[in-house]
Each structure stands twice: as C-alpha cells, then as structure tokens.
Amino acid sequence: MISVLDNVFRLQTTDTEYIFRKTKHGYLEHVYYGARLASPDIEALAPKRTAQAGSTVAYDRGDPLYCLDTMCLEWSGIGKGDYRYSPAEIKMPDGNFVADFVYESHSVEQGVIPPDTLPAARPSANEDCSSLLIELRDTACNVRLTLVYTVYETANVISRRAVIENRAASHLVIRRLLSMSIDMPNTGYNLVTFDGDWAREAHRHDRPLQYGVFVNESRTGASGNKHNPGFLLCENGCGESHGRAYGFNLVYSGNHLGFVELSSHDLVRVGLGISPHCFEWTLNSGERFETPEAVMTFSDAGLNGLSRNFHNFVNNNIIPEAWRGRDRPVLYNSWEPCFFKFTQGRLLRLAGLAKKLGMELFVLDDGWFEGRDSDRAGLGDYTPNRRKFRRGIGQFARKIRSKGLEFGIWFEPEMVNEASNLYRSHPEWAVSGQDGREPTLGRNQLVLDLCNPAVRDYIVEQVSGVIDETRATYVKWDMNRHISEFHSSHIRGQGEFFHRYILGLYDVLRRIFGPRPQVLLESCSSGGNRFDLGMLCFSPQVWTSDNTDPVERLRIQGGLSYLYPQSTMGAHVSDAPHQQTLRDTPLSTRYNVACFGCLGYEMDLRFLSPVEKREVREQIAFYKTHRKIFQYGSFERLSYHKANKVIWLCRGEGATVVGFFQTLADVGEGPDTLRVPGLESDRLYRVGTRAQRLYIKRFGGLVKHILPVTLNPDGFILRMANRLHALIDCVETYECRGSTLTAGVLLNSQFMGSHYNDRTRLLGDYGSNLYTVWLKIS
Ligand code: GLA
C-alpha cells in the first residue's frame, strides 16, 4: 500500500514499511525503513537538523542547516554540497556535471509499471501491488528524473528504478545512472556479499561496515561469478534466525555496481544499478534512458527471514508465470558422463537406464552439432552432427520420448568458434575490437555481437528451429566466457556496448521463449556466472555451478540460498572422486545436498553397481515424494555450534526435511543435536532418518573386525560383495512434541573406531543424513 499525506510518502508491505518526505527545498528525505509501525511519528523518526557541521556547504543561503551532505536522501546529484558517492554522474545539457534534482510532482498507480526494454518483476496472483512515481527536475536544465517505486506487498519487497528524460534542446551524457540510492543512519552494520569465480560461486563473505565506499561490481559483461549483484546489510548481532537485516538485488544480467558508503557524518548510503565501467550514454533531446529494477527487502527475523522474503519474491514475482509453483523434472544430463564423445547408441542406453531409475527428462548437452567434437570448433552452427545422429536430431528426440522421458537440449547461442561455418561466412558478427587488435579467446571462442540485429535474428531462427524440430521441453542456455575487446559497429558509441548487449540478449530470449512457454529454460554460464534476477525472469532455474562436489556445494548453494530459492538451483549428483576436487564423497551425501534444489544426475549410469542403482532409485523416489518441499518449501540455514556441521531445513505443508551435513569428522567430539524450530509446541511429531546405504568399501581394512576370516579389502570377494550388498546406515526414529524437537534431540553417537553396531551413526568425513519430520495424526 502506498499513502501520501502532508508531503510524507509511506510505502507498506505486509511486514515492512518505507517512509520518506519532501523537504522544503524539494529534496526527498529518507525517514525510515524497517518493520511495520503502528502509527509512525514522522518527526520523532526523522533525522534532526539542529546544527551545521564545519566546512559543510549549505544548500540554501537563507537556511544554513539544510546541508545535503548531512541529510538522509532518497536521491542526490553532484555539485550542491553532497560529497558522498552519487547515484548519478551526468554531463548535463549545459556542459556541467552539476545536477540538482528537486521534487516536481508525483502520482500513485495501481499495479506495476513495467520498464519498456528491461525485464522486471510482476505481481503474483492476488497480490496488491502499487507504484509511486516521483518526478524530479533539475533546477538549471530541462531534464527530468523519475523515481519509480513499486510495492510487492506479500513478498515484502519494495523495488526502485530511475528513468531520465532529456527535455533540453541539447544532448546530455550519462556516465553513471544507478537504479536507486538510499541513506540511513548508521546503527552498526556488517556487509555480506557473495563472491567467487568459476566452480566456486557465491561464497559468503562478511566484513564490518567501515568508513569509505565498498563496491560490489562486475565488469565482465555478465552479472558474473566474481560478485553476485545481491548483497546484504546486517545490523551487528544479526544471525540466521534473529536480528535486523536489509537485502538488495538487481533485475539485471550485465555489469552491475552495488556500493555501500559509510560517510564522514556516520550515514550509510546504499546504491545499486548498472556499472559505470566503460559506460557512456548520450541522450539526445527528447530521449529517455531507463535503469533496471533494484529490489530491497527487510526482515527483523534474521537472515532466514530475509531469505524467505527473497525466495517468495523470486518464486512468485520473478520467474515466468507458466513455471510458478510448477514441479521441475528430475533430469539426466549427458555432459559429465560423455563430454563430446558419444554415439546415439550410448546416449540411448544411458537414457534407458535413467528412465529405469526414475528420471524424467533427458538432456543432450554439448557435442551434438556439426564440428563439435571438442571445444575448439562448431559453436555457431546448430546443424546436427550427421555422424552422431544419422537420421537427424528430431528422430533422436522421438526415441528419447518413446522411452518415456522428456527431451531437453543444450545451446551456447551467444558464442562462435573461429572454426565454424558461421564465422567463416560472417567474421564481422563476432565481437573482436577495432581493426588492428587481435581478439582474445576464452575457451577457444568469441562472443557474438548481440547489438547487431542480424545476429539476433540468426540466433532466434536457429534455436527456435531446433526446439520445434525436437519438441524439446527443456533448453540449457550456456555462455562460457567473459567479454573482451567490446566493440560493435551497430551502436552509437562504444560506451553503450555492455548495456546494448544485454538488451540484445533479452530481446532474443523474449522472442524464442515468449511463444514457447512450455519450455523450461535453464540458464548457465560455466555454471553460475550469470545467476541473477534478470535471467530468472526468463529461466526458472540456473545451472548453479560446474562444481558438483557436495562439500563445495554446501558453500555454493548455501551462499546463493540467501538470495534465491531452491527452485532456481540446478543441483546434480555426479561421480566420485569428483572431477574438480578429487574428493571421494558418499553417494548419499551427493544426493542429500543436491536434493535441496532441482535434482539431476550427471554421471555414467552404466558404471553404477546394482546396489548403487537401487540407492539412486530410492533417492529419486524420496525426492518425488517430497519434491514440493525441496523445490518450493520454506528453506532455513540453522546455526550450529560446531564449524564442521552444516544444517539445512526445508519446511513444506505435510512435512519438514532437515539435512545434517558433516564436513570433516572430529573424533569423539560429543553428541550431535537435531533441532527443529518452528513446530507447534504441543503437537506430536515423528522424526526419522531417511534410510541410506553404507558401502562396504568405505571401511577398507576395518572389515576384518566383523569377518571371521581376513580378506584382502581390495580383493575380488569384497569387491563383489560391495557391488551387490550395502549396509543400511543407522536409522533413528523419535516421537515427541514440537517443543522437544525445538529444544533438540540428541542423536546417536558417531562411529569412532572402537565400536560398531547398527545404532552407530557412520558419518566420517563428508557424511550426512536427512531427517523427515511430520505431524503424527492421533
Ligand atoms: C559449460 C557448462 C557445463 C557444460 C559445458 C558444455 O561448462 O557449465 O555444464 O554444459 O559447458 O560444454
């Protein structure tokens, strides 16, 4: 709800509110952002201006206490006494950098006001959304800046974006225009960002907010795996389940910049938008420029409360309507088992096995088109490889469907290899810098110039043609390198490149997938190099990381879980030892981590032993029974007093599943506790371990303790026994009241070498268990 009274603007969601007011010289003063208030007393909440700090500049000659540098503002320009980092740096039509935007008018409208060129959130079913438009004018030039606020009530999200319009006779040049800026008094904060690189995306990093400007930026052309655009500002002492925190994110897939400044007057400024890196946009008379939607949320229920807001928002307001709340299939992906080396026969055999184990979708990954037998050639030519698919790709897809599986396929449409027909006929379509500069390669490939309409038409035609021919219901859209030598001859100035590229990408995605809403799009960029709200507007899920090692995934999925729900995270069970870490982890743990996402398998199923196949079948059956919980349940990270444990919880309508993960074993460390918060204290619940298998080979030479004769641990007999037989890991069940479960159940002891029976928990390094909690109907 939005209300405006006596120059005070009040924006309310179900649990939060955001207040600012127009001041006497036309600047908008931020008053409050936090939990909903019964009846706010604005004068009490507002920052006071009763003294002038030395060396400050008064905005108005007759009003020495009105000093922009010491005010909490909703927007601020440059050159009028505010020396903090400004959300905008514009060479105005009069040639100056001084910009002085003051209030001109406002209006409140029902619903959202979507941007013209960019994706944005939409209201969820039955949600009250309203928008506030505030028009600001520069006091010297005829330039308007509209601040657009949208309130997503049930999601507890307020979004902001800015639109600039040049009504002056001469042009202006935008060097930086962020979507939002907000100032708040400092009450002591910790800044949390999610950073990494390829195969180590979104690791959580915390640092206390200190004087100066902290920048969270991407300059690679994509939102990037180096710094996710989303970040958090947590009040000191805030934990997973208590304390006050703010979250910020951007509906954009290109270069972004988020900054947090603690000013010399102890005010916190947060800004977020398109990165100014190599950005320069000329706005001629009569033209406008719109920035992407920045989203903000607040919670006083700790970081889990904040995540809950973001999760609901993504599930209900961001992802395409056709996929909201819809089950995601358990998929089998051909990449890790085959890479580029396969025949149709081998794929069909794997598909047959996948079906038998319960999988629902077969994804033909890289290597299916002409020339693509390695990553050195073929990108750009989406004609199926005749040697691998003699009767065409359509017929192969039919064969997959006849096995009872859906068919999905991989593309990397934004790229081209020099060794391709496309490059040979259109070298000028590749982004390669000006004449005289040799283009640099990433994974042997160049980027196609998405600023060029002919390139976009080509991609739309190629990808749509294959989807229609194969009747694919799933597409994996990859993008495997950062951009370099950015240059296009289809734009007005090279400072437009990065943004025009992303607009081109959105245009292509809209044209391909708009008319094909049945297709589940999984966006990928060497894993999570473009995991952002912009891509999620088109693709309900994202390939989270090329790194599928479960211990690594605890950090990667765990990091992303602050900002994005499990329904967005592609999570696969792969082979062990793992291809990047060489870590040998139990099949149970690989699954126990992957099931907190959109489950898939990416391993050579032919080499699974009969007992492993049985285990995979059981895993998938369990996932299907609890699919709604794993994909759409309410997710929480539970704090634990020991650093070698990670606890995840996912709450659904009928049950709650808790994942208990041990990274490194710590012999004899004492009892483990299973705590399940949020239950009804007087109701009776049952809690039980999901039965999982323990392979004999895990015990190596220890088997001698339980066998009457000594056998070679690597010999034929034990190898055969291991293929055909496995122990069932300790299963614990309890029946108790909700309050007991919240207080904590002490679990059975862990194995520590001296004793074993079927009530000993055998976790060791990288062991884990899932516990299901459900109400006992009495
Ligand atoms: C990228 C993706 C992988 C796979 C390969 C195929 O690395 O992240 O999942 O699709 O490309 O070349």
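In summary, Cys598 fulfils each of the numbered conditions (1) open to solvent by less than 10 Å² (accessible area, probe 1.4 Å); (2) out of contact with any Lys or Arg (no Cβ under 6 Å at 6 or more places or on another chain); (3) more than 15 Å from Val658 (Cα to Cα) with the single exception of condition (2). Met415 - would you say it is within 16 Å of the ligand (Cβ to nearest atom), under 24 Å from Leu250 (Cβ atoms) and either modelled with pLDDT of 95 or more or within 25 Å of the chain's Cα centre (by Cα) (or both)? So Met415 does not fit the description; no. Pairs, please: C-beta under 6 Å, at least 6 apart or cross-chain, first residue within 11 Å of Leu605 (Cα to Cα) and more than 16 Å from the ligand (Cβ to nearest atom) and in the range 337-359, second modelled with pLDDT of 95 or more and of a type in the set (Phe, Trp, Tyr)? Filtered contacts from the range 337-359: Ala351/Phe362; Ala354/Tyr332.
Of all residues in the range 141-156, none satisfies the criterion of being charged (D, E, K, R) and open to solvent by less than 10 Å² (accessible area, probe 1.4 Å). Only residues that are over 12 Å from the mean Cα position of the chain (by Cα), at negative phi and touching a residue at least 40 places away in the same chain (Cβ under 8 Å) were counted across the range 204-232, and they come to 14.
Among the residues of the range 496-542, the one identified as within 16 Å of the ligand (Cβ to nearest atom) and either without any contact (Cβ under 8 Å) to a residue 12 or more places away in the chain or open to solvent by 10 Å² or more (accessible area, probe 1.4 Å) (or both) is Ser526. Here's a check for you: in the range 386-395, which residue that is free of Cβ contacts under 8 Å to residues at least 60 places away in the same chain and surrounded by 18 or more Cβ atoms within 10 Å (Cβ to Cβ) is farthest from the ligand (Cβ to nearest atom)? If we take residues in the range 386-395 being free of Cβ contacts under 8 Å to residues at least 60 places away in the same chain and surrounded by 18 or more Cβ atoms within 10 Å (Cβ to Cβ), then Phe389 is farthest from the ligand (Cβ to nearest atom).
For the range 233-242, the candidate set comprises residues that are assigned to a strand (DSSP E or B) and without any contact (Cβ under 8 Å) to a residue 60 or more places away in the chain; within that set, the residue that is least open to solvent (accessible area, probe 1.4 Å) is Leu233.
Regarding Thr710, is this residue in contact with a helix residue (DSSP H, G or I) (Cβ under 9 Å, 6 or more places away or on another chain), of a type in the set (Ser, Thr, Tyr) and either farther than 29 Å from Arg617 by Cα or loosely packed, with under 15 Cβ neighbours inside 10 Å (or both)? Spelling it out, Thr710 is indeed in contact with a helix residue (DSSP H, G or I) (Cβ under 9 Å, 6 or more places away or on another chain), of a type in the set (Ser, Thr, Tyr) and either farther than 29 Å from Arg617 by Cα or loosely packed, with under 15 Cβ neighbours inside 10 Å (or both). Residues of the range 323-347 that are among the hydrophobic types (A, V, I, L, M, F, W, C), touching a strand residue (DSSP E or B) at 6+ places or on another chain (Cβ under 9 Å) and open to solvent by 20 Å² or more (accessible area, probe 1.4 Å): Trp335 alone.
Can Asp672 be described as in contact with a Lys or Arg (Cβ under 9 Å, 6 or more places away or on another chain) and surrounded by fewer than 19 Cβ atoms within 10 Å (Cβ to Cβ)? For Asp672, the condition - in contact with a Lys or Arg (Cβ under 9 Å, 6 or more places away or on another chain) and surrounded by fewer than 19 Cβ atoms within 10 Å (Cβ to Cβ) - is not met. Within the range 367-385, being within 12 Å of the ligand (Cβ to nearest atom), touching a residue at least 60 places away in the same chain (Cβ under 8 Å) and not hydrophobic (A, V, I, L, M, F, W, C) holds for Asp375, Arg376.
Which is open to solvent by less than 70 Å² (accessible area, probe 1.4 Å), touching a Cys at 6+ places or on another chain (Cβ under 9 Å) and farther than 20 Å from Pro550 by Cβ, of Asn748, Asn722? Talk me through it step by step, then tell me what you get.
On the way: Asn722 fails: touching a Cys at 6+ places or on another chain (Cβ under 9 Å).
Step by step, each of Asn748, Asn722 is checked, and only Asn748 is open to solvent by less than 70 Å² (accessible area, probe 1.4 Å), touching a Cys at 6+ places or on another chain (Cβ under 9 Å) and farther than 20 Å from Pro550 by Cβ.
Do the conditions hold for Leu118, that is, is it touching a residue at least 12 places away in the same chain (Cβ under 8 Å), open to solvent by less than 20 Å² (accessible area, probe 1.4 Å) and in contact with an Asp or Glu (Cβ under 7 Å, 6 or more places away or on another chain)? Yes; evaluated as a whole, the condition is true for this residue. Here Thr548 meets the list (1) under 30 Å from Pro114 (Cβ atoms); (2) within 16 Å of the ligand (Cβ to nearest atom); (3) in contact with a His (Cβ under 6 Å, 6 or more places away or on another chain) almost entirely, failing just condition (1).
Just the residues that are in contact with a Cys (Cβ under 8 Å, 6 or more places away or on another chain) and on the phi < 0 side of the Ramachandran plot, please, taken from the range 259-305.
Residues of the range 259-305 in contact with a Cys (Cβ under 8 Å, 6 or more places away or on another chain): 267, 302-303.
Listed by number, the residues that qualify are Leu267, Leu303.
On the stretch given as the range 61-90, residues that are without any contact (Cβ under 8 Å) to a residue 60 or more places away in the chain and of a type in the set (Val, Ile, Thr) total 1.
What's the total number of residues in the range 396-421 that are open to solvent by 10 Å² or more (accessible area, probe 1.4 Å), assigned to a helix (DSSP H, G or I) and touching a residue at least 24 places away in the same chain (Cβ under 8 Å)? Quick ask: steps written out before the conclusion?
If we filter the range 396-421 for residues that are open to solvent by 10 Å² or more (accessible area, probe 1.4 Å), which is where we start, we get 398-399, 401-404, 406, 418-419, 421.
Still in the list and also assigned to a helix (DSSP H, G or I): 398-399, 401-402, 421.
Subsequent filtering for residues that are touching a residue at least 24 places away in the same chain (Cβ under 8 Å) retains 399, 401, 421.
Residues flagged as open to solvent by 10 Å² or more (accessible area, probe 1.4 Å), assigned to a helix (DSSP H, G or I) and touching a residue at least 24 places away in the same chain (Cβ under 8 Å) within the range 396-421 amount to 3.
Restricted to the range 440-454, and to residues there that are more than 26 Å from the chain's Cα centre (by Cα) and surrounded by fewer than 14 Cβ atoms within 10 Å (Cβ to Cβ), the residue that is nearest to the ligand (Cβ to nearest atom) is Leu441. Ser3 falls short on exactly one of the conditions (1) part of a loop (DSSP other than H, G, I, E, B); (2) surrounded by fewer than 19 Cβ atoms within 10 Å (Cβ to Cβ), and that condition is (1). From the list Asn284, Asn317, the lone residue that is more than 30 Å from Arg614 (Cα to Cα), away from the ligand (no atom under 16 Å from the Cβ), under 23 Å from the mean Cα position of the chain (by Cα) and among the polar types (S, T, N, Q) is Asn317.
A quick yes/no check of all residues on (1) in contact with a His (Cβ under 6 Å, 6 or more places away or on another chain); (2) of a type in the set (Val, Ile, Thr); (3) assigned to a helix (DSSP H, G or I):
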site	(1), (2), (3)
Asp457	no, no, yes
Val475	no, yes, no
Met479	no, no, no
Phe486	no, no, no
Glu496	no, no, yes
His499	no, no, yes
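Comparison of Ser124, Ser159, Ser130, Ser107 shows that the only residue that is surrounded by 15 or more Cβ atoms within 10 Å (Cβ to Cβ), of a type in the set (Gly, Ala, Ser) and more than 22 Å from Gly34 (Cβ to Cβ) is Ser124. Just one of the listed residues (Tyr562, Tyr591, Tyr623) is open to solvent by 10 Å² or more (accessible area, probe 1.4 Å) and more than 16 Å from the ligand (Cβ to nearest atom), and it is Tyr562. Modelled with pLDDT of 95 or more and surrounded by fewer than 17 Cβ atoms within 10 Å (Cβ to Cβ): is that true of Asp69 in this structure? No, not satisfied.
Just so you know, in the range 27-47 the residues that are in contact (Cβ under 8 Å) with a residue 40 or more places away in the chain and either touching a helix residue (DSSP H, G or I) at 6+ places or on another chain (Cβ under 6 Å) or farther than 20 Å from Val102 by Cα (or both) include one that is surrounded by the fewest Cβ atoms within 10 Å (Cβ to Cβ), and it is Ala35.
The values are calculated or read from the model by the stated rules, or taken from the named source; none is laboratory data. On a predicted model such as this, the values are computed, not experimentally measured, just so you know. For neighbour counting, all protein chains shown are included, and Cβ atoms are generated from backbone atoms with ideal geometry for every residue, glycine included. To get the accessible areas, we keep the full protein, side chains included, count just its heavy atoms, and leave off ligands, DNA and RNA. Shrake-Rupley method; radii C 1.70, N 1.55, O 1.52, S 1.80 Å.
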